[in-house]
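The values are calculated or read from the model by the stated rules, or taken from the named source; none is laboratory data. Since we're looking at a predicted model, the values are computed, not measured. Reconstructed Cβ throughout: ideal geometry from the backbone, glycine too, with neighbour counts over all protein chains shown.
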Amino acid sequence: MNYSKKKTIKSMLLMIAFTMTLTVFSPLITETAKAAEVQTEQEFYKEQVSENPNFSNDLAKVKLQLASSKTSTSGQVTTQGVVGGTLKAIKALSPILRHGGTALSWALKPFSKKTAVVVKRNSRKAANAIDKLDKGTRGALENALVKAGVPRSDAKTIVYWVFMII
């Protein structure tokens, strides 16, 4: 009887960890699906030219204005490209670590017992470090974890598994 109770608790915790992971990553999946539905740039251009004969001239003016505005930035910084996408994916793991560190450790235990122990012990520190992260690289994440109080060997393990998940 005791064995089945432990098995039930483990399966429930695994299900909770999976649900939390799915909840965090579902907006990323829906954004990708919406992007696939958007018409292509060429289709948009053809449609606009057919409706407005001056569209090409207007588009040229707007491109010229954008080119001139790129030289004088307004102080806003946005993440772009591969590093920006990686940073967003890493930041999406923060709530999972903060609120479900124990459940996540149960989910990782079949793959690596050492990793499960490391995640359970340092989940809150890792979540705080990820919140303060400004770069989506392995080195930046490792340094942020060490700065948050995670031992360097544990930080390397967490970084490895974070990038394995991403």
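Restricted to the stretch 133-166, and to residues there that are at pLDDT 85 or above and among the basic types (Lys, Arg), the residue that is farthest from the chain's Cα centre (by Cα) is ARG152. Are there any pairs, at least 6 apart or on different chains, whose C-beta atoms fall under 9 Å, with the first in the stretch 31-59 and closer than 30 Å to ALA89 by Cβ and in the same structural domain as LYS88 (by TED's automatic domain parsing) and the second among the basic types (Lys, Arg) and modelled with pLDDT of 65 or more, and if so, which? As it stands, the answer is none, since no pair meets every condition given.
Just one of the listed residues (THR86, THR78) is at pLDDT below 75 and out of contact with any Lys or Arg (no Cβ under 6 Å at 6 or more places or on another chain), namely THR78.
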